[in-house]
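Step one of this worksheet: look at the structure below.
Nothing in this text is a laboratory measurement; each read-out follows from the coordinates by a stated rule. The structure presented is a predicted model; accordingly, all values stated were derived computationally and were not measured. Positions of Cβ are backbone-derived with ideal geometry, glycine not excepted, and every protein chain shown enters the neighbour counts.
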Amino acid sequence: MTGIASVGAYAPRYRLTAEAVEEAWGQFHGAGISETAVPAGDEDALTMAHEAAALALAAGDVDADEIGALLIGTTTPPYEEEAIPPRLASTLGLGTDLETRQFTGSTRAGLEALVTGLEFADEPTLVVASDAPRGAPDDEVEHAGGAGAAAVVLAPDGPGAVTDTAEHVSLFPGTRFRPRGSEETTGLGVTGYDRQAFTETVAAAADALEGDLADADAVCLQSPNGKLPYRAAGDLGVDTDALQAGTTVHDLGDTGAASVLLGLASALEDGHTDLGLIGYGSGGGATAARLAGEGVAVRTRLEGVETLSYGEYLRMRGDVTPGEPDGGGAYVSVPSWKRTIPQRHRLVAGRCEECGSLAFPPEGACTECGAFEAYDEVSLPGTGTVEAATVIGQGGAPPEFVEQQAREGAYVSAVVALDGPGGDRDEAVSTPTQVLAVGDENVDVGDRVEATIRRIYTQEGVTRYGFKMRLADA
């Protein structure tokens with residue numbers, strides 16, 4: 001029987017407090033939310049999905065090449081038309097023959113992906129939910145909007161048993177929607193109508209489960225704000241403590257399609273094992289599941305580090321930045337970029353067939369022996385040591401990085417000695433890269449760093465994703 005083997009969860013390290021929004025607008029519409037997680041200037045649903053998935057794979061000690069299927073749920077994909085799974089599969093080093101599914105258009109997409117993933121019973125399956133909802137500036141969706149991602153590894157005989165699932169649909173148009181071509185989610189804002197749609201739909205899905213949710217340790221319920229889930233407590237027949245144990249909305253904000261799986265990760269990490277999962281999608285529909293989660297491995301990175309002012313928040317999300325200068329920066333065609341994806345996504349180095357030295361990237365003559373022999377592919381572990389670092393201040397960024405600098409300010413450019421295979425520091429290879437630093441973090445020579453995936457820049461409308469480094473203890 002397919003079950004949950006491990007779970008990973010990630011949230012951006014920037015935070016925006018309710019007080020900062022209220023000071024800017026004179027009011028705060030994100031009911032029951034103290035602060036929201038804010039993506040960095042080079043983060044989006046894809047990069048957050050990578051973070052969560054990498055944590056889930058590490059928690060379960062699962063090799064990437066074991067994964068046979070990849071399912072993703074989000075309402076905020078980087079592109080309206082272009083699939084996320086191929087890029088995520090590349091950054092994680094998954095195989096090219098895996099089955100993929102993408103779920104979108106509804107905040108229950110994350111739980112839909114999980115329930116669908118249970119059908120892939122014969123091989124380990126990776127399910128990821130990642131989201132960052134946005135609304136109009138003085139709108140409830142915007143004030144509540146957070147960001148985060150969670151991932152689940154499903155495997156034959158995984159210890160986390162999903163014992164039952166159910167669905168319910170009931171038409172409630174206009175509760176929450178995003179028009180075609182818009183980045184902003186909105187709704188009619190009819191409070192009583194919205195509450196009726198939510199409570200009736202989730203309660204009906206829960207009623208369709210075979211068991212009663214009343215004895216669940218935690219109920220991970222879709223959380224568009226910090227109050228609406230509790231309005232449904234009576235209809236669901238659960239107490240508010242169980243709902244609080246399964247929600248992250250108060251500290252991360254509305255994480256859309258990732259909401260339920262983030263609540264699952266948080267509840268499991270806190271020791272809860274008897275869980276109810278309910279995802280709500282405006283329109284309206286709901287998906288419900290019951291989980292016995294004892295023995296599931298969990299690894300999370302949800303802590304906030306830097307609190308933003310409202311002006312900094314607007315800059316971070318790109319509302320008050322000039323964009324890339326006319327003429328762009330150093331041009332790299334998409335075909336050329338694709339040829340270097342193994343290096344940019346997975347740190348694939350080369351070993352000289354003549355002398356055995358490592359090269360990164362593996363191209364041209366060997367720097368040790370000068371031979372033009374072919375290189376054997378070698379995967380690096382993604383850790384390293386800073387050899388040199390400098391801060392690129394205002395006006396010092398190459399044109400392709402001006403947008404990033406406008407959003408986040410000065411950034412660290414460094415030379416990093418990447419550890420050799422197996423973490424061998426004696427066989428390190430050096431490469432230039434950015435090192436991510438948040439708040440008061442300093443990057444110094446000798447610091448240990450680890451690789452992650454971020455947006456590098458966008459040209460011709462196509463975003464280039466690749467590795468950057470961050471402090472290893474961050």
Bridge type composition, the chain - antiparallel percent by DSSP, nearest 5: 75
Tabulate in residue order the Karplus-calculated ³J(HN,Hα) for segment 228-244, using 6.51 cos²θ - 1.76 cosθ + 1.60 with θ = phi - 60°, rounded to whole Hz; enter x for Gly and Pro. 4, x, 6, 5, 8, 4, x, 5, 7, x, 10, 8, 5, 5, 5, 5, 5
Rounded to the nearest 10, the angle in degrees between the Cα long axis of helix 259-269 and the longest principal axis of the Cα atoms of the chain comes to 80
Projecting the Cα atoms of GLY370, LEU94, GLY284 onto the charge dipole of the chain, where Lys and Arg contribute +1 and Asp and Glu -1 at Cβ, the residue farthest towards the positive end is GLY284
Mind ordering 275-282, 116-123, 196-203 by average Cβ neighbours within 10 Å, highest first? 275-282, 196-203, 116-123
Are there any GluC sites (Glu not before Pro) in segment 390-474 that are in a DSSP loop and have at most 14 other Cβ atoms within 10 Å? List them by number. GLU460
Per the beta carbon screen (other Cys under 4.7 Å), unpartnered cysteines of the chain come out as CYS220
